[in-house]
Structures are given as structure tokens and as C-alpha cells.
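Remarks on the structure that follows.
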Amino acid sequence: MTVMSPQPVTTDPAINPRRRVYRPNTKYIPILATLALLLVMYLGGLVNYENFDQPSVVVNLFRDNAVLLAVAVGMTFVILTGGIDLSVGAVISLTTTLTATLLQGGWPPLLVLPLVLILGALLGAGMGAVIHYFRVEPFIATLAGLFLARGLALFINQESIPIRDELWTTLSDMRIPLGETTKTTLTAIVALVAVLIAAAVLAWTRFGRNVYAIGGSADSALLMGLPVARTRIAVYTISGFCAALGGVLYTINSTSGHALQGTGTELDAIASCVIGGVLLTGGAGYVFGSLLGVMVFGLITTIINFQGDLNAAWTRIVVGVLLFGFIVLQRLVTRRTR
Amino acid sequence: MTIVKNRLFWPVAILVALLIVNLFTSNQFITLQDGHLFGALIDILRGSAPLILVALGMTLVISTGGIDLSVGSVMAISGAVACLLIKDLGDQNATGSVLLIMGVAIAVSAALGLWNGSLVAVVGIQPIIATLILMVAGRGLAQLVTDGQIINVQSSPYATVATGFFLTLPVAFLIAMAAVALILVLTRRTALGLLLESVGGSPSASRLAGIRAKRITVMVYVVSGAFAGLAGLIYSANIKSADSIAAGNLIELDAILAVVIGGTALIGGRFSIAGTVVGAILIQTLQVTVVSIGVPSKATLLFKAVVVVVLCLSQSATFREKVFGRFKLRSEVPA
């Protein structure tokens, strides 16, 4: 009989005495890098441009990117499970067109609002069911969803439709005071509330843990007895709902609906998630990361507007370069932990 | 039942059905006029050339388990480079110079493919993200090349690429078919096809078996870039200008769709060149048919969406089993 050693065989890296410098947990590195980049960009703006120090610059970031923020929240859920949702931009266009058309037709606004949100969620649920039960690739299933939603939107109306409804115009003109001089819109608040709810759900609920587990390994999650089918359909439902919410926010912001609205939003949302450190293979990332990603996106546009003489094409190029930087960073971080 | 079970049965059946619809609805399906063939069928073949080229490159990329989202942006860059250089020519109708410029544009596209391939194979980034970078930044680059303008060119040799006819057939289609033939010979008459499928099945196992998996991965992205560049030239020659915003917009989605319809699995390890060609022609036929049967323009996309949904579901083995399997079971149960 051998005597078992009382000492643990492995040493905990946290008490490694050679480690003197503070090193953040590797899972926070991408999000910290995004935060650092955001601060550097903001400081760069402060140094180079007059009036950049106005609080409205920061507040308007949320106002101008409320739609993208709402969509990115839903996209985060889907990407965390290792999937992808290409249909969000089309769902935005369907929502804006349908909302504007119904309101023009004299439907009560309090009926239209839940109706379009539920429709978005149902579209998402349908795609989720096709992905899970028929084993169609998420890429292909949501691509078909993109065609379907935009096709429906164009079928309803190809023109831009104005909204004259009283509730919508009131909501559009509503300003919420923050401090003495700055105000923000309702849409920015709604988008931020969506971020908070999503963060709470992912961090503290059983559903949130299931989302991360499926992203880590769907097979293991199934063997552990986690409800894979329910969770997977739920994340696409959430994404569809968030996209519809984004569409509603758009109609409130612009008091109009247009079937060509939201083209390419899916890519902006995916890019925001990646810049915010959400791993596209699934299983790692935070909603706050996606929030930071959207902020980086918005700040680039703001700086290019402040600069004034730059071509709008630079926005895309800078976003591309940032994507490259963050992906390589993620690659280095994940390689080290392996 | 063996024909029905062939994975190309449903796409070909739908293609034939659409062509029959066109036979009745279009004024001229196929006739000989002014020394070349003319009619709805020829329009379909000519129009499908860019999509066939892009989907062909996409097939090779997907067979190694990758994906190339940047093809639309590469098309825009290639057209922009070509039109910019042709516009500066003293004589825009000089065939030699135009051919040289087209070579330059394709070389630029291949270099962009090399960038994608290096990111995937050397840096080890997931293909969908690696090519997303160029997809986002590439269109910005194309806009910088053209300075945000639409560059118009008046070059007859350049226009021939898209609108010319050779041996009664459209030049654009012949270019696409030449590319298909080249790839077919390379993949099915040499070991290359096997190597591609091997890398798609398992890159590390292939490497251990002595295959240079990285080199093959880089190569498929270069080929995909070059073919996208060629497609961009056909697109821009067709409209005789470089439009950096509209060129190749959303073509990556159509190309991926064509590949999937053709029976190539998105996870890699298996591919069908013939299937891709059928898929690409099917998508183009669908677009032509929608117009020719008089579906109002606002319902065009909806019609396409319905066909795409039906196709995607019919491709899913699980769906066929769940829906049609029930009938089969009943007939097999002895009375």
C-alpha cells in the first residue's frame, strides 16, 4: 500500500511567488483592451478637437447608436451559444415598415407596439427551431430569414412611410434631463435598460449559464442534461425580439419606416460584439463588452465627423483595422490559456 | 429511388421547372440572331457568370472548412482598380493595355486573397472573422480608390468581357466555364481534390499524413480572391463603370447559398463543383423567372425567400426524414 502525498500535486498559479506584477484574469483581457482603446480614442479626441469635452459628445453616442446597441445585445446571446444571426438587419426593416404602415392605417399604437415586438420574437423562434430540429446551419437558416424578412418588408411597402401617430411623436420629442445642461432621448435609455437586463440574465440566471454551457460545447451540455433545444431556440427568439426593439427605436428616432433601413446592421452588430471581446466560437464574452464595442463604433464616427475633411470610407477602414487588432489579440489570449 | 436520392436531384428538378416556366413566359427562349444566340436562356447564362465564378472560389474555400465573406468587397476593389487604370489610358480601346490592366486587377484580388489565407492559416483566425475584416474594410478601400465617385469608362475591349459573343455564346459565360473546367481538371484529375477534402475533414490529421495543410488553405483563399476579382471585372465591364458601393453587394450570401444548394457541406470535407454551377445558375434563373412571370417587383425578394426556404429545408436530411419518413414507415408496415 502506497502512502498518498498530502500535498496537492498541482500548484495554484495565483500563489506563484514569482508573480509580482498584477495580471488581470485572462478572460477579462479583451474587454479591458476595448475599454483602454475607448479611453485612448476619447482622450485623443479631447486633445485634437474643440468642444469634444462637452458631455453631449458622450451622451449622443448612446442616442445615435441606440438601434445598434439593442441589436448587439441580442446578437451577443446568439454568438455566446456559438451561432450567428444574419437576419437582424432585415427584421429591423420589417419592423419599421410594419409599424409605420399599421400606424398609418389607424391601428391603436398600444396594439402595434407589442404586435411588432412579438412578430420579431416569433421570426427568431422559427429560425431557432429550424436550426435546432432540422440541423440547418445557423448561417444558412438566418440567411433565409434575412431574405424572408426583407422580402416581406419590401412587399408591404418600398417607399419611406412617415409616422404621424401622436404617441410616437411624443416619444420621439421626449427628452430626459441628465444633470443641468445635457439631455438624452428615450431610445438611448431603452437600449441601456436592455443591456442591463441582458447582463443580469447572463450573469445570474440558470438560463444564462445554459447559454455559456452550450457555447462551450453543445454536446457536453446535452450530456449534462441541460435543455439545449429550449435554450438554443430562446437565444434566437431574444435576438429577433432585440432586432424588433431596434426597429421600434428607429421608428421613434426618425418617425418614419423604410424597408431598406437596417441593411448591413447585422455586420455592424457582429463587429461590435467581436471588438467587445465576445468570442465568435461561443462560450466567452459579456454584454458589457458588446456595449463597449458599439461605443467604439460610435466614437469612430464621431471623431470622423469632428475631423470634417475625412472621407466616410475611412469609417469602414478604421473598423476593419480595429477588428483585425482585436481578433489577433483574442487569438493570443486564447492561445496562452490553452 | 436512386435518382431521387442523388443530392443534386432537387436543385436540378427546380432548375428545370423554372426553365420550363421561362420557356412559356419569355418572348424568345433561344433563337439565332445577328450571328449569335439570343433569348432568355442566353441572358440567364450571361448573367450567371459572376456568380458562378464567385461560387466556384467559395466552393474550394468551403471544402477546406472555411468561408470567404470578402468576395463582394474584392469584386468592388477589382472593378475600381481596372476602371481607374483604363480611364488613364491614352487609347481606351487598346486591347493589349486593357488585358494587362485586367491582369493587374486580378493580381490585386489574388493578393487580397493571400491576406485572407494568411490570417486563416498562419495567424489561425476563424475564417468567418478573418474574412469579415476585409469585407468591412474592403468596400472602404474601393471607395478610396474611386474617391467616392462612379468611374465611367468607354473601352470596347473591356465591354466585350461582359457583353461580347464568341462562337455564338456570351464571352462572360465562356470565361466562367473555362474557370470551371480548369478547377474540375485540377481537382478531379490530380490529387488536389483529395487533398482539399482531406484538409477540410481534419487539418491536423492531414498535416500528420504529410499534406501541407497551411499551404493548401492559403491557396484556396488566393484562388477565391482571384475569381472574385475576375467576377468584379465582368460586373464592372457590364455597366462600363466602377460602382464601389453596389458592386458585389451581398453576393457572398448568394454564393454561399449556391454552394449549399449544390450539396457542398459547410463544415468542409466534401465538395461538388457541378453542384455549385447548378446552384449558381438556379439562383440567376430564379431572379430572371421572377421578372418574366410578372411577379410585381415589390414581391421579387419575397418569392426568392420562399424558394430559398424550401431549398434549405429540402437539403436538410433531418427535415426529409421527419416529414417524408412518416409516409415511408406506413407503407413498410405489413398489413
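Summary of computed values
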| quantity | calculated |
| --- | --- |
| Residue list for segment B:133-169, filter: out of contact with any helix residue (DSSP H, G or I) (no Cβ under 7 Å at 6 or more places or on another chain) and either hydrophobic (A, V, I, L, M, F, W, C) or at the interface with chain A (Cβ under 9 Å from one of its Cβ atoms) (or both) | B:Asp147, B:Ile150, B:Leu167, B:Leu169 |
| Residue within segment B:147-156 that is of a type in the set (D, E, K, R) and in a helix (DSSP H, G or I) present | no |
| The listed residue being closer than 18 Å to B:Glu252 by Cα, within 15 Å of the chain's Cα centre (by Cα) and part of a helix (DSSP H, G or I), out of B:Thr276, B:Thr264 | B:Thr276 |
| Answer residue from segment B:161-220, given it is assigned to a helix (DSSP H, G or I) and of a type in the set (Ser, Thr, Tyr) and is modelled with the lowest pLDDT among those | B:Thr163 |
| Sole residue being surrounded by fewer than 22 Cβ atoms within 10 Å (Cβ to Cβ), within 20 Å of the chain's Cα centre (by Cα) and within 30 Å of B:Ala94 (Cα to Cα), chosen from B:Val108, B:Val161 | B:Val108 |
| Out of A:Val318, A:Val287, sole residue that is at pLDDT 80 or above and within 13 Å of chain B (Cβ to nearest Cβ) | A:Val318 |
| Within segment B:111-129, tally of residues that are crowded, with 23+ Cβ neighbours inside 10 Å and more than 14 Å from chain A (Cβ to nearest Cβ) | 2 |
| Unique residue being free of Cβ contacts under 8 Å to residues at least 60 places away in the same chain and either away from chain B (no Cβ under 14 Å) or of a type in the set (A, V, I, L, M, F, W, C) (or both) when the list is A:Leu110, A:Leu98, A:Leu103, A:Leu94 | A:Leu110 |
| Residues of segment B:282-309 satisfying the condition of being surrounded by fewer than 20 Cβ atoms within 10 Å (Cβ to Cβ) and free of Cβ contacts under 8 Å to residues at least 12 places away in the same chain | B:Val291, B:Val295, B:Pro296, B:Ser297, B:Lys298, B:Ala299, B:Val306, B:Val309 |
| Residue that is nearest to the chain's Cα centre (by Cα) [pool: residues in segment B:118-132 that are polar (S, T, N, Q) and more than 15 Å from B:Gly200 (Cα to Cα)] | B:Thr131 |
| Pairs where the first residue, in segment A:122-138, is within 11 Å of another protein chain (Cβ to nearest Cβ) and the second is of a type in the set (D, E, K, R) and crowded, with 21+ Cβ neighbours inside 10 Å, C-beta under 7 Å, 6+ apart | A:Ile131/A:Arg232; A:His132/A:Arg232 |
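Residues are listed down the side, and each one gets a yes or a no for (1) under 15 Å from the mean Cα position of the chain (by Cα); (2) of a type in the set (D, E, K, R); (3) surrounded by fewer than 24 Cβ atoms within 10 Å (Cβ to Cβ); (4) assigned to a helix (DSSP H, G or I):
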| site | (1), (2), (3), (4) |
| --- | --- |
| B:Pro50 | yes, no, no, yes |
| B:Gly57 | yes, no, no, yes |
| B:Leu60 | yes, no, no, yes |
| B:Leu69 | yes, no, no, no |
| B:Ile77 | no, no, no, yes |
| B:Ala80 | no, no, no, yes |
| B:Leu84 | no, no, yes, yes |
| B:Leu89 | no, no, yes, no |
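For (1) farther than 30 Å from A:Pro109 by Cβ; (2) in a helix (DSSP H, G or I); (3) free of Cβ contacts under 8 Å to residues at least 12 places away in the same chain, each residue gets a yes or a no:
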{"site": "A:Gly208", "(1), (2), (3)": "yes, yes, yes"}
{"site": "A:Tyr212", "(1), (2), (3)": "yes, yes, no"}
{"site": "A:Gly215", "(1), (2), (3)": "yes, yes, no"}
{"site": "A:Leu226", "(1), (2), (3)": "yes, no, no"}
{"site": "A:Val235", "(1), (2), (3)": "no, yes, no"}
{"site": "A:Ala243", "(1), (2), (3)": "no, yes, no"}
{"site": "A:Gly246", "(1), (2), (3)": "no, yes, no"}
{"site": "A:Thr251", "(1), (2), (3)": "no, yes, no"}
{"site": "A:Asp268", "(1), (2), (3)": "no, yes, no"}
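The values are calculated or read from the model by the stated rules, or taken from the named source; none is laboratory data. In this text the structure is predicted, and so the values were computed from the model without any measurement. FYI the Cβ positions are ideal-geometry reconstructions off the backbone, even for glycines, and counts take in every protein chain you see.
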